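*Asks:* Could you have a look at this structure, given as structure tokens, before my questions?
The values are calculated or read from the model by the stated rules, or taken from the named source; none is laboratory data. This is a predicted model, so every value here is computed, not measured. All Cβ positions, even for glycine, are placed from backbone atoms using ideal geometry, and neighbour counts span all protein chains on display. Each accessible area value is taken on the protein alone, full model and side chains, heavy atoms only, with ligands, DNA and RNA left out. Shrake-Rupley method; radii C 1.70, N 1.55, O 1.52, S 1.80 Å.
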Amino acid sequence: MESKEIRQRFLEFFKRKQHEIVASAPLVIHNDPTLMFTNAGMNQFKDFFLGNADPSSKRIADTQKCLRVSGKHNDLEEVGLDTYHHTMFEMLGNWSFGDYFKKEAIEWAWELLTEEFQLPKDRLYASVFGGDEGDNMPLDQDALNLWKSIIPEDRIVYGNKKDNFWEMGETGPCGPCSEIHIDLRPETEVEKIPGKDLVNMDHPQVVEIWNLVFMQFNRMANGSLVKLPAQHVDTGMGFERLAMAIQKKTSNYDTDVFSPLINFIANKASVDYGKDEKTDIALRVISDHIRAIAFTIADGQLPSNNKAGYVIRRILRRAVRYGYTFLDFKEPFLYQLLPVLAGQFDGVFPELISQQDFIAKVIREEETSFLRTLDKGLTKLDVITKQAESGSKIIEGKIVFELYDTYGFPFDLTSLIARENGLSVDEEGFKNEMQVQKSRSKKDAATAKGDWIEVKHIDEVTFLGYDAVTSSAQISKYREVEEKGKTLYHIVLDQTPFYAESGGQVGDTGYLADGNQKTTIIDTKKENNLIIHFAKELPKNLEANFEAVVNVSKRQLTENNHSATHLLHAALRQVLGTHVQQKGSLVNDKTLRFDFSHFSKMTDEEILEVEKIVNQKIRENIQLNEQRNVPIEEAKNLGAMALFGEKYGDFVRVITFDKNYSVELCGGTHVPATGNIGQFKIISEGSVAAGVRRIEALTAEAAENYQLKQNEVLQQVNELLNNPKDTVKAIEALVKEKLELTKEIEEVNLEKGKQQKILLQQKVQAVNGFNLLIEQTELPNADALKKLAFEFKNEVENLIMVIAANIAGKPQIAVMISDNLVKEHALHAGNMVRELAKEIKGGGGGQPFFATAGGKEINGLPQAVTKAKELIESMTSHS
Ligand code: ATP
Ligand code: MG
């Protein structure tokens, strides 16, 4: 059975069990401070488990793109070395939100695996949670009883907290789980050791395929467990592992999910898969990593130097190095995998096909830049490993840091290479070095959060900010946080007009009023579906009825910029083409910044054209058409441009300014009609990353002020030029005049030089067979001095020449000695000039036959000449 069919049949099975099938959420998570990437199918439903929001359906199933390379779930070190852990993988899942529980979850899982997919019953094992004393939790008796009615007791294993109690992160929803494992070994092996003994023992052919989690608790910041408002089911099955089992393979990489990639890479490298352990690992790593890289870029995350962007960069560099060292790929190669990969996910994850060129371009650029330093870094590392092999067997933190800082080697890459050589790295030392660098830049201060303290229970926060800028409000909960050494308070209101930072638009500021007492809100941010108001202090009476008031002028200026961003986006697609996609945006009360995919610098004409269209749309005073709660499919039919991929249950809102011009999915706030924007002015256009351009622009008063400033500059220029009729012509004339004058000066200088030379020629003295020229003079520039010295060298034999020159008020000395004298008398112009330079408080040097020195003391020139005479006299008389 092909993998495409497996995925399809999974979804259809649960559809038949009344599950709504939803799309995968993006891999990259934007407004959850506890998680950078989706690491399990349940992430996008977190709020449903916590009771912060209600799902549209109590039963849901999907395939979710997951990435496990950071945080609590990090499989990176296993990937490629083993055959069943990936960085990016698909998790097939079914969910019950307060609906069915353990019985259905277990029975349906069994039915799907053994009837739909016909997996051999006697090769399947189930695990149940055996209890934990620390958390004061008993054995999961219900799950045990359910399994006992399905399989013989000797195929049930008891798991500890690590294996059978699922937690998403340090805090959040969690619960006991029951896993299904499969034994894929040949019969002969099974006869020797029963599969049961190998469950959870990291055996590559006795692997977990499905985890059924029974969500019952919320893990608090202090470590305690609190019962959730309702009981839920959360299951996750590794799609690639399932394919391995159904296709009767013993490695995920042998399934049709990976073999096209492996074959393509092996072919390019002219190697065969399965012949050599080292090249096999490299092939697996690359075929795995390209998926993680491509999908995250498709979801809007570009490789960069921090946070999620750095995770991608690390994975990419790891892949590049595997190719470089083990497959002899010395040129960018990862990007060439894109067509194969995109083709495989055609119809499943269309984001790869639609952005294929862009993703390839970004990857290629990253590869090129890393390949530039990779070779040098590896050579350095080679020397170091050789030293460490015979010595401490540890690579010092300082060196690991240097490799990181200078050669772009992520820590894990260095430690991987160290491991390959039987060495380890000093992680503490590396961290210290990083810390030193960090404290230099004084950033990244940790944020510590306390638990929420509830004041008033609410089911869901009501956001009123699309229709109002003030409202009554009560505090629902609050918590104290430490940020960069300061105490702040996070406040959640039952309802609020404050817009929380998202979609590039900054959060509102304003205040909460309780009578005369005002609490300033300095920012508003989102955490999952919560709208969090930031305050430096708490109101005195937490249970008061507040008036929540948004800073209106700031909000309006921000709206101007946000709506203008939409007009800009549409104009760019008109002028540059529909490959233009939003890659990032920042909208505040001062400016707007818009990043978009485009491959070349915009011409002045294109920029002008875009500006013109936007200003035209502003003058048309197009009314805002705002539609809330639009189902995603319908929004797409309206032609809406999605931003970073929406996820199930998101607030899908469609913002239209003329349905034939700009239709976007957007949660931001906007002007009621485009006329409010006043005017639009682009102030810069440049590159931010491979294939990504950035425009900065101003609107309304800011645009006006910008243009007034420009006018002012022009006026000043005109005044300086005595108000000419044609400013440009006047400046052109000035530039031309300047060129001519420069030329004239050069000619004059040349003439001056010639005359000096004639004067000096007369001063050459013949002494003891030497021709001496030791003089003070004046010259227009250093070049003239050098020129003079070389001319004398060519024209006068047996020359020892010292010229002490005043060059536009600065002293300079040149010493020139004929080559034969240098040899025969061991003379050295460099040594001489250094000695003489002391007189002009300066220094210099050069070759034995020619040297120069500059100095600070112009009045020292005569002494320099005297000293030169003495020196040379002693030299010439000795011989
Ligand atoms: P393992 O112990 O094998 O790492 P896990 O306990 O971390 O698995 P869960 O967090 O329960 O796995 O995830 C649910 C399912 O997702 C697993 O049963 C497995 O099939 C799959 N899975 C987990 N991690 C990976 C991975 N890194 N690559 C591929 N599939 C995975
Ligand atoms: Mg795991």
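*Asks:* Filter region 38-65 down to residues that are within 16 Å of ligand 2 (Cβ to nearest atom) and closer than 19 Å to Thr171 by Cα and give me whichever is surrounded by the most Cβ atoms within 10 Å (Cβ to Cβ). Walk me through how you get there before you give the answer.
*Replies:* First, the residues of region 38-65 that are within 16 Å of ligand 2 (Cβ to nearest atom): 38-43, 64.
Of the ones still in play, those that are also closer than 19 Å to Thr171 by Cα are 38-43.
Working: Thr38: 25, Asn39: 24, Ala40: 22, Gly41: 27, Met42: 25, Asn43: 21.
Step by step, filter region 38-65, then rank; the result is Gly41.
*Asks:* If you check Val340 against the conditions, is it part of a helix (DSSP H, G or I) and more than 29 Å from Gln301 (Cα to Cα)? So that I can check it myself, show each step before the final result.
*Replies:* Details: part of a helix (DSSP H, G or I): yes; more than 29 Å from Gln301 (Cα to Cα): no.
Spelling it out, it is not the case that Val340 is part of a helix (DSSP H, G or I) and more than 29 Å from Gln301 (Cα to Cα).
*Asks:* Restricting to strands (runs of 3 or more DSSP E) lying wholly in region 71-162: which have 3 or more residues that are open to solvent by less than 20 Å² (accessible area, probe 1.4 Å), modelled with pLDDT of 95 or more and within 16 Å of ligand 2 (Cβ to nearest atom)?
*Replies:* Here the list reads 88-97.
*Asks:* Can Met244 be described as within 13 Å of ligand 1 (Cβ to nearest atom) and open to solvent by 50 Å² or more (accessible area, probe 1.4 Å)? Can you show your working first?
*Replies:* On the way: within 13 Å of ligand 1 (Cβ to nearest atom): yes; open to solvent by 50 Å² or more (accessible area, probe 1.4 Å): no.
Spelling it out, it is not the case that Met244 is within 13 Å of ligand 1 (Cβ to nearest atom) and open to solvent by 50 Å² or more (accessible area, probe 1.4 Å).
*Asks:* Determine whether Thr279 is more than 27 Å from Arg9 (Cβ to Cβ), polar (S, T, N, Q) and touching a helix residue (DSSP H, G or I) at 6+ places or on another chain (Cβ under 8 Å).
*Replies:* Working: more than 27 Å from Arg9 (Cβ to Cβ): yes; polar (S, T, N, Q): yes; touching a helix residue (DSSP H, G or I) at 6+ places or on another chain (Cβ under 8 Å): yes.
So Thr279 passes the test.
*Asks:* Considering only strands (runs of 3 or more DSSP E) fully contained in region 412-510, which possess at least 1 residues that are at pLDDT 95 or above?
*Replies:* On the way: elements: 447-449, 470-473, 475-483, 486-493.
Hits in region 412-510: 470-473, 475-483, 486-493.
*Asks:* Is it the case that some residue within region 256-273 is buried (at least 21 other Cβ atoms within 10 Å of the Cβ), of a type in the set (D, E, K, R), away from ligand 1 (no atom under 16 Å from the Cβ) and assigned to a helix (DSSP H, G or I)?
*Replies:* No, there is no match, as no residue in region 256-273 is buried (at least 21 other Cβ atoms within 10 Å of the Cβ), of a type in the set (D, E, K, R), away from ligand 1 (no atom under 16 Å from the Cβ) and assigned to a helix (DSSP H, G or I).
*Asks:* Next question, about the same structure. Mind checking which pairs have a first residue in region 800-813 that is more than 11 Å from Leu836 (Cβ to Cβ) and a second that is buried (at least 24 other Cβ atoms within 10 Å of the Cβ) and of a type in the set (Phe, Trp, Tyr), Cβ under 6 Å, 6 or more apart or different chains?
*Replies:* That search, which allows pairs on different chains as well, returns nothing.
*Asks:* Can you find a residue in region 866-873 that is in contact (Cβ under 8 Å) with a residue 60 or more places away in the chain and open to solvent by less than 20 Å² (accessible area, probe 1.4 Å)?
*Replies:* Yes.
*Asks:* Can you go through Arg284, Arg291 and tell me which one is assigned to a helix (DSSP H, G or I), of a type outside the set (A, V, I, L, M, F, W, C) and either open to solvent by 10 Å² or more (accessible area, probe 1.4 Å) or under 19 Å from Asp405 (Cα atoms) (or both)? Don't jump to the end; show me each part of the working.
*Replies:* On the way: Arg291 fails: either open to solvent by 10 Å² or more (accessible area, probe 1.4 Å) or under 19 Å from Asp405 (Cα atoms) (or both).
Among Arg284, Arg291, only Arg284 is assigned to a helix (DSSP H, G or I), of a type outside the set (A, V, I, L, M, F, W, C) and either open to solvent by 10 Å² or more (accessible area, probe 1.4 Å) or under 19 Å from Asp405 (Cα atoms) (or both).
*Asks:* Moving to a separate point now. Please verify whether region 199-213 includes one or more residues that are open to solvent by 10 Å² or more (accessible area, probe 1.4 Å), of a type in the set (A, V, I, L, M) and farther than 20 Å from Gly131 by Cα.
*Replies:* no
*Asks:* Another question, then. From Ala230, Ala245, Ala221, which residue is over 24 Å from Ile312 (Cα atoms) and in contact with a Gly (Cβ under 6 Å, 6 or more places away or on another chain)?
*Replies:* Values: Ala245 fails: in contact with a Gly (Cβ under 6 Å, 6 or more places away or on another chain); Ala221 fails: in contact with a Gly (Cβ under 6 Å, 6 or more places away or on another chain).
Going through Ala230, Ala245, Ala221 in turn, the sole match is Ala230.
*Asks:* Given the criterion modelled with pLDDT of 90 or more, part of a loop (DSSP other than H, G, I, E, B) and among the polar types (S, T, N, Q), identify the matching residue among Asn52, Asn39, Asn31. Write out each step before concluding.
*Replies:* Details: Asn52 fails: modelled with pLDDT of 90 or more; Asn31 fails: modelled with pLDDT of 90 or more.
It is Asn39.
*Asks:* Given the options Leu698, Leu741, name the one that is touching a Ser or Thr at 6+ places or on another chain (Cβ under 9 Å) and either of a type in the set (A, V, I, L, M) or on the phi > 0 side of the Ramachandran plot (or both). Steps first, please.
*Replies:* Numbers: Leu741 fails: touching a Ser or Thr at 6+ places or on another chain (Cβ under 9 Å).
Matching residue, one of Leu698, Leu741: Leu698.
Let's see how each residue does on (1) exposed (fewer than 12 other Cβ atoms within 10 Å of the Cβ); (2) not in a helix (DSSP H, G or I):
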| site | (1), (2) |
| --- | --- |
| Leu714 | yes, no |
| Asn722 | yes, yes |
| Ala733 | no, no |
| Ile745 | yes, no |
| Glu751 | yes, no |
| Glu775 | no, yes |
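*Asks:* For Pro204, all conditions in the list (1) in contact (Cβ under 8 Å) with a residue 24 or more places away in the chain; (2) over 23 Å from Leu92 (Cα atoms) hold save one; what is the number of the exception?
*Replies:* The single condition Pro204 does not satisfy is (2).
*Asks:* Considering only residues that are crowded, with 18+ Cβ neighbours inside 10 Å, more than 29 Å from Pro229 (Cα to Cα) and charged (D, E, K, R), look in region 163-198 and name the one that is farthest from ligand 1 (Cβ to nearest atom).
*Replies:* So, considering only residues that are crowded, with 18+ Cβ neighbours inside 10 Å, more than 29 Å from Pro229 (Cα to Cα) and charged (D, E, K, R), the one farthest from ligand 1 (Cβ to nearest atom) is Arg185.
*Asks:* Away from ligand 1 (no atom under 11 Å from the Cβ) and under 21 Å from the mean Cα position of the chain (by Cα) - does that describe any residue in region 96-104?
*Replies:* Kept after step one, since they are away from ligand 1 (no atom under 11 Å from the Cβ), are these residues of region 96-104: 96-104.
Then drop every residue that is not under 21 Å from the mean Cα position of the chain (by Cα), which leaves none.
Within region 96-104, none of the residues are away from ligand 1 (no atom under 11 Å from the Cβ) and under 21 Å from the mean Cα position of the chain (by Cα).
*Asks:* Taking region 6-22, which residues are open to solvent by 20 Å² or more (accessible area, probe 1.4 Å) and either modelled with pLDDT under 90 or not in a loop (DSSP other than H, G, I, E, B) (or both)?
*Replies:* Going through region 6-22, the residues open to solvent by 20 Å² or more (accessible area, probe 1.4 Å) turn out to be 8-9, 11-12, 15-18, 20-21.
Passing the criteria: Gln8, Arg9, Leu11, Glu12, Lys15, Arg16, Glu20, Ile21.
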